[in-house]
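Okay, structure first, notes after.
FYI, it's all coordinate maths here, none of it is from the lab. Computed from a prediction, not measured in an experiment: that's the story for all the values here. Here the Cβ is made from the backbone with ideal geometry for all residues, glycine too, and neighbour counts use every protein chain on show.
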């Protein structure tokens, strides 16, 4: 594949709009924003051309890409660095004008191959043998666990839940009288109602572009109802809304305007909630509910006359997906009418997609809305902060100073030193400064690594900044370490919070030091660290410099000072509070709507208004604060639409949910942060991220339109006019930035039986890349959601109904089968949303935050344990009424914790709807939590869900390797990245961390790439048996178990063989092939035991998935007990800690609710571990001291439920590592792995 310059790659703008799309797409990759790439100065045309070429290369089948010899050395350096950051291999060859640069995609030859083997404890072998003797694998089970050779039966269209109710078209009743009739007639859309109805009658597809406040959402459906009522024509209308709250709010409004209650002529249906009846002819629903209805077949719309897709401009993944299906159905159903409605529609795109269809334009409310941008706000309000004042003083010093360069450098040194976050340099005693200077000098001049010991002691014991600068050179410890290539000490300094941006007196950063002294490895480490920390878009200060001619001198200085003091990639809550106070001072009435990107910012601003800012907290009776977020309870969200009592002023804190559909009539002032949180999928790294991005111009205008509903209003945009002009016209469609696994599952329920997923998605208005679709389909096959023909499996049907990504859905279903649901619910919801731990900016606080995370992990070598215990401890604090201070103390996000609670409730509700959790009896909430206290069992569910996200430890090289990466590092936020130390991380921390791992396997949540190094986040150490049994597809080919290449006897006779094809050390071992990479070499008897044990589990899982409500059989119970026993024993054999309290289910309650006593406890550990015989002569738990066994409270007496165990030896096997209950405690012991939390427990 050859590289072409931009002029030959992209057609000129006059011929096609494609270049604009390409220009937009190349701005997105995070790697371009890393400072390492910014440092290389090359022409913009070359940058864009390189990015376009690499993007096309990624989505092509080509294996290599060659760049021309005309490139300069700077351009080649840019390509090398960018290619490495994307995971490619690059190399230059030749000399002078014949020097070419080529990049390659990594292939299988790059995979790290090390011997994967393990052994079982004597007791574990005995338990597995006993199980297999009692219940040997039958021929039918073996056949069921082989991949199918023929395509199965057609899909079951009635499997999906959450569909719209069936109904028939009827003639609508005449509308009743309503006090809102005068308001309806005053809306701009009302005067066009005859034209709108006539246009819809004459055309199958109609586009309605109505400005905010025009009334299009509430009135167009009513126009159709009223017309059919007058003419006696039956009708049935579905109207989709992008959000649950919008569907409810609009339905209630329309019903009120018709003089009736919701559920009669007008109703709504959202997931797990509906208000409809047989008389309902107008149903408001979410896009997802209508999609699930269509999954039952095209006949579901045969009784529908009109479909209205409202707010179609939002382009969420489900709406685009819905349009594909509706366009297909319009050809089959000529009588069906489709109305697309929006305030900011990309008209040309939809005309191309649906053909030549009419467009109706409707004006909005006549009230004027004044716009103020950031420079206007700074100028008119006089806003300033300490950092802005400081910047202005610095500028004055630079302008007025006539000193020599040396004196000026000293002044800058003083100014820089003043910002040191810990003990100020001016307050340091002379001897401390002398000691610190001596240590830094010794490291650089004498290359004395021992000086770091003294330096670390001074930093920690004397509270000196980690970024202390040498009194003469301003060099920091990180700089001199980089200059001498001491990477181990650099890792220590970076983990302790050292800044990579500080400059010495010669303006060099640590990266400059490494490059100048040719320390390549040190430079790589720093570039990796910079790339992982700094993502984002073009900062506004760059825009100001680029377009300074468009600004007045005063505005330029204001914006420069502001952006010097605040990172505009965040939300300035101080500025919002300042604006809020000015608004309240200048006017007495009018609701204030504040747009914020996410729930974190909403909670932070809410707490400031209600508790922290005295200007508001002391006058709470004057204000009523409302919050709006899509994941909140709908009953709470409805309150914002009603007028306040006692004349209190409404302050609404909202995400972009208030941009469209929801109309709050009394809003006069809008404060627009200009940010939104989007879920984006990085197809290169296969990582899903929730990131904060700038809104589009269309969204900014929508937000402006929310003001002035009842009178003239004002909109305050917290971004400059320059930023506004550089925004995208419309947001990037979600279909192009979301992971496609979930969408591919839904595709199989919508697409014709012989239509492939890629073929169906190619019909979208802006289809995703083919390679991305293929990767998603392959991943679904890997986790058993699809078969070789892309048909959904039994598991796939269930995953399509789960409100989380497929791999998390599989994890939850495995937890149901393994009876450890509650901890997995918490972990799955946390992974689905975001990490609740916050990373502070100050170096000393970074260390404290990391230590806090490690205390939650409690020596279990698990980030997932840290997430679980942090949530449980927060629940305890919440019940006791001190959750806010708990979050502050432990560096946790209160908003994230509240969100996880709501997600847990929704996910559990879906499990009940699918029949996996029953109301009572077998399969009830107690039953599915019997093993929740056993961490080894919980980790088995984690492995089943996280596969294929596995990493193997290479003990010889002390490195980590993945299936596609020969070298992987721990991410710096992982508790696994730092071995057990108190304050000072050891030199070469990564190698020390790998060496300290008790097993050779770990799972991880996501892999990210910064520069050339891949790193894994959120990992947990697991035993090899857990990987062998729970990893991989359920159905493996017959070649999965391979006999030894040479029996032991033959191997002894052929010891002198020099065959290059066989490893002499493993030639006598059998092999268990889980996938292409995951190959275990084991003794033949061991291999057969492990493989059949795996088959026994997979058979159980498939059986429970096929019949979720069927009671467990004797075989099921025996298999579960064996799994619990063996998993626990293997954890104990490698001395992995078993914490307690992890299976207790806290009851959601308000802080003022009285404490109650516990009503149930987890008993699964006692019941599940005692029904298998010990191997003769074995102690109950070899690695557990007798005193601990005595405390566990286990008994060998069996219950009536365990009669099946009578087939086995009467001796009991006590291999469970967790006690059956814990004492109620009021405090949480972070350091003890066996510490529990006293929670309020409930039975349901």
- Message: Treating only the Cα positions of region 807-876 as identical point scatterers, give the base-10 log of I(q)/I(0) from the Debye formula at each q in 0.18 Å⁻¹.
- Response: -0.74
- Query: Based on Cα positions only, what radius of gyration and what Dmax would you give for region 236-281, in angstroms?
  - Reply: 9.7, 27
- Task: Can you work out the PRE-style zone for residue 89? Point 7 Å along Cα to Cβ, and I want the residues of region 947-965 with backbone N under 13 Å.
- Result: 965
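If you average 1/r across every pair of different Cα atoms in region 420-533 and take the reciprocal, what Kirkwood value do you get, in Å?
Numbers: mean 1/r = 0.0722 Å⁻¹.
Its Kirkwood hydrodynamic radius stands at 13.8 Å.
Just the C-alpha atoms of region 181-366: what Rg/Rh do they give, with Rh taken as the Kirkwood radius?
On the way: Rg = 15.2 Å, Rh = 16.5 Å.
Rounded to two decimals, Rg/Rh equals 0.92.
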- Task: Take peptides 889-900, 429-440 and line them up by average Cβ neighbours within 10 Å, highest first, as a rough protection proxy.
- Result: 889-900, 429-440
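Determine, for each peptide in 872-882, 284-294, 376-386, 452-462, the mean count of other beta carbons within 10 angstrom over its residues, then list the peptides with the highest first. Please list the in-between numbers first.
Working: 872-882: 20.3, 284-294: 24.5, 376-386: 15.1, 452-462: 17.1.
Result, highest mean first: 284-294, 872-882, 452-462, 376-386.
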- Pseudo-spin-label distance residue 762 to residue 461, built 7 Å along Cα→Cβ, given in nm, is 7.1 nm
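Taking only the C-alpha atoms, wrap a convex hull around region 709-866 and report its volume per residue in Å³ as a whole number.
Values: hull volume 39.1 nm³, N = 158.
Considering the Cα atoms of region 709-866, their hull volume per residue is 247 Å³.
Determine the equivalent ellipsoid of region 168-253 by diagonalising the alpha-carbon gyration tensor, then write out the semi-axes as square roots of 5 times the eigenvalues, largest first, rounded to whole Å.
Values: eigenvalues 71, 54, 50 Å².
For region 168-253, the ellipsoid semi-axes come out as 19, 16, 16 Å.
Tell me, what does the Kirkwood hydrodynamic radius of region 261-342 come to in angstroms if you use every pair of distinct C-alpha atoms?
Numbers: mean 1/r = 0.0746 Å⁻¹.
So the Kirkwood estimate lands at 13.4 Å.
I need the Kirkwood Rh of region 873-990: take the reciprocal of the average 1/r across all distinct C-alpha pairs and report it in angstrom. Numbers along the way, then the final one.
Numbers: mean 1/r = 0.0538 Å⁻¹.
Radius from the Kirkwood sum: 18.6 Å.
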- Message: Using a Debye calculation, one point per C-alpha and no hydration shell, please list log10 I(q)/I(0) for region 775-825 at q = 0.20 Å⁻¹ in order.
- Response: -0.65
